Every structure is written in C-alpha cells, then in structure tokens.
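The values are calculated or read from the model by the stated rules, or taken from the named source; none is laboratory data. The model shown is predicted, which means the values in this text are computed figures rather than measured ones. Neighbour counts run over all protein chains shown; Cβ positions are idealised from the backbone, glycine included. Keep in mind that these areas ignore ligands, DNA and RNA; they rest on the heavy atoms of the full protein, side chains included. Shrake-Rupley method; radii C 1.70, N 1.55, O 1.52, S 1.80 Å.
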Amino acid sequence: MSHCPSGTGGFAEALRAVLGDLLTLRAGLDITLTDSDSGIDLLISGRVSLDLARREALAIFAESHDLASVHVLDDGFLDPVSVRRAPKMRFGEVEAPLPPGGFVQATKEGEMALLEAILEWTAGVTHCADLFAGIGTFSLPLVRHSTVHAVEGARSAVEALRKAVHGTQSLKQVTLDHRDLFRRPLAAHELNRFGSVIIDPPRAGAAAQMTELARSAVPAVIAVSCNPNTFARDARLLVDGGYDLVCVRPVDQFLWSPHVELVARFLKTA
Ligand SMILES: C[S@@+](CC[C@H](N)C(=O)[O-])C[C@H]1O[C@@H](n2cnc3c(N)ncnc32)[C@H](O)[C@@H]1O
C-alpha cells in the first residue's frame, strides 16, 4: 500500500478502532481498500447505520490517513462519507475514474504482466473486443494500436470507461456496451469482425460466452482468469470448437494467498 503512511499494520488497527462495534455485528461487513493513483479508496459494504459521531470519526480517519475517499454501500445505496480526492487509475496514457470499490487487478506488477502478454499477442491486430472490460485496464492501453469494443456488466465501470475515453484525445475508436455477458453473451456472428478477443471473466468463468466464441471464426482469443478450475472448463469449450491452446502464463499476483492469475493464448486452427 504505497499510500498508507502509517504502515499496513498500523492502518488496519486504526481502521478497526474507527469501525468499532460495527465489526462485531452479526450481519458482517465487507471492507474494500483500493490503492488508487490518487490515494486509498475505502468502501464499507453491509448493514451500516452511521450516526453523526461515527460519520465524523470516519471523516477524521480519512483526513488523518490522507485517504482519497470513504463510501458506505448499504442495500444498494451509496453514501459518500468523505470524498477528499476523486479516486483515479492510470492505464497507459489514460486516466480512468475509479468507482467506489471498482475492480482493478490485485497488483500493478500483475496488471503489467497481463498487459505485456495482451499487447504482444495482439500486435498487428486492428479490431479487438475486450469482454468483462472493467474500467478499461486492457482496453485503454490497447487503443494505441487497435479499435476496441469494450463490454462490461457493471454500469459504474462502463460510465468510468466512458469518461476516460471522452476525456482523451488521439485514441483509436472505443465502443462501449453495457451488457450482462452471462445472460446475453456476444453471439458468434457478432464476434466474427474481431481479429482478437480478450476475455477476463470473474471467478465463475464465462461458459455461455466461451460457447459462442467456440462457434465463432475469431482467429485469436486471449483469456485472463483468476480461477484455474473455471478456466479449465472454459478452455475445453474453446478447444472443442477448434482452438489450440498455444501458451499459458501464470501470474503470481495474489500476495499471501495460494491463488494464481493466468493469461492464455488460443488460436483458431480448425
Ligand atoms: C476479473 S474482472 C476484469 C476486469 C478488467 N478486465 C480488468 O482487468 O480490470 C471481471 C469483470 O467482469 C464484470 N462482470 C461480472 N459479471 C459480469 C457479467 N455477467 N456480464 C458482464 N460483466 C460482468 C465485473 O464487473 C468486472 O469488471
């Protein structure tokens, strides 16, 4: 945590103290800390009723630890408790706003390793699709050499990517699609115009979308996965559809955990 002035241990203790009895409630809370380029974004999700004293304590905590922002998400309602700076992430030359608790790769080094493979394997490709695009981790660096059709299910992420694209000159064309790819995967005939498809689903994988990819004529698929089990299931769908798995690179980015990220390259051969 490069923005954590008191060290990770001291910070965790101080956060525990400010949350106090909220942490002991039976419903439980999810705490998400994201080290954005403008400082730490803290999202507290769960059944939280903030009285004035607790709200002030959180605002003072944000001030004393120089947090970018603190939000509480309770039953779909997002409460901006303290927004000192808008959280942002830089991808390539482009800055994207980070929605509270928005998805980013677990480490910058891991993100760079994934991106290196993606840029290497899409060299010379002029039309790419980025499925499960998030706020543009891969789409934004890719637009240096390719048009990108970015598809994502979280509205806040799509809006963040839209702002990033609109605020930037000299990018190749980016088209955005807010879409639930589990229920409405891109069909094979919609995929066929792309030279390469990048797909980075959540841990559940993307069986429905892989089935359509397997039916398509897309020459190359790059799959990013944080779950080797669902990756193996989805890779089988592609291989049965005529793709060869030509390379898998593990990316050991989940610190203090046995989990592993990977990026894999498939080429259509049949
Ligand atoms: C592993 S993250 C990858 C995000 C992005 N590629 C990145 O590297 O930052 C998976 C993304 O899939 C999105 N997602 C989850 N379920 C989805 C669905 N059913 N349809 C479309 N997108 C979904 C999440 O919001 C998240 O942004």
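Okay, here's what the table says:
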item	result
Subset of region 142-156 [within 12 Å of the ligand (Cβ to nearest atom) and either surrounded by fewer than 20 Cβ atoms within 10 Å (Cβ to Cβ) or farther than 15 Å from V94 by Cα (or both)]	A150, V151, E152, G153, A154, R155, S156
Scan of region 248-265 for residues that are within 23 Å of T211 (Cα to Cα) and either without any contact (Cβ under 8 Å) to a residue 24 or more places away in the chain or under 17 Å from the mean Cα position of the chain (by Cα) (or both), ordered by number	V248, E261, L262, V263
Residues located in region 95-123, provided they are within 12 Å of the ligand (Cβ to nearest atom) and part of a strand (DSSP E or B)	A96
Entirely in region 159-270, the strands (runs of 3 or more DSSP E) that have 2 or more residues that are under 22 Å from A117 (Cβ atoms) and at pLDDT 95 or above	196-199, 220-225, 243-251, 261-268
Residue match in region 66-73 (condition: open to solvent by 60 Å² or more (accessible area, probe 1.4 Å) and assigned to a loop (DSSP other than H, G, I, E, B))	yes
Residue ID - farthest from E111 (Cα to Cα), chosen from residues in region 127-138 that are within 11 Å of the ligand (Cβ to nearest atom) and of a type in the set (A, V, I, L, M)	L131
Failed item, numbered, when L33 is tested on (1) free of Cβ contacts under 8 Å to residues at least 24 places away in the same chain; (2) within 20 Å of the chain's Cα centre (by Cα)	(1)
Test: A217 is aliphatic (A, V, I, L, M), touching a Pro at 6+ places or on another chain (Cβ under 7 Å) and either in the same structural domain as E111 (by TED's automatic domain parsing) or buried (at least 17 other Cβ atoms within 10 Å of the Cβ) (or both)	no
Only one of A27, A12, A17 that is open to solvent by 30 Å² or more (accessible area, probe 1.4 Å), under 30 Å from T137 (Cα atoms), at pLDDT below 90 and of a type in the set (A, V, I, L, M)	A12
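Yes/no matrix, rows are residues, columns are (1) under 12 Å from the mean Cα position of the chain (by Cα); (2) at negative phi; (3) crowded, with 21+ Cβ neighbours inside 10 Å; (4) within 15 Å of the ligand (Cβ to nearest atom):
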{"position": "V125", "(1), (2), (3), (4)": "no, yes, no, no"}
{"position": "L140", "(1), (2), (3), (4)": "no, yes, yes, yes"}
{"position": "E159", "(1), (2), (3), (4)": "no, yes, no, yes"}
{"position": "T168", "(1), (2), (3), (4)": "no, yes, no, no"}
{"position": "Q173", "(1), (2), (3), (4)": "no, yes, no, no"}
{"position": "H178", "(1), (2), (3), (4)": "no, yes, no, yes"}
{"position": "P185", "(1), (2), (3), (4)": "no, yes, yes, yes"}
{"position": "G195", "(1), (2), (3), (4)": "no, yes, no, no"}
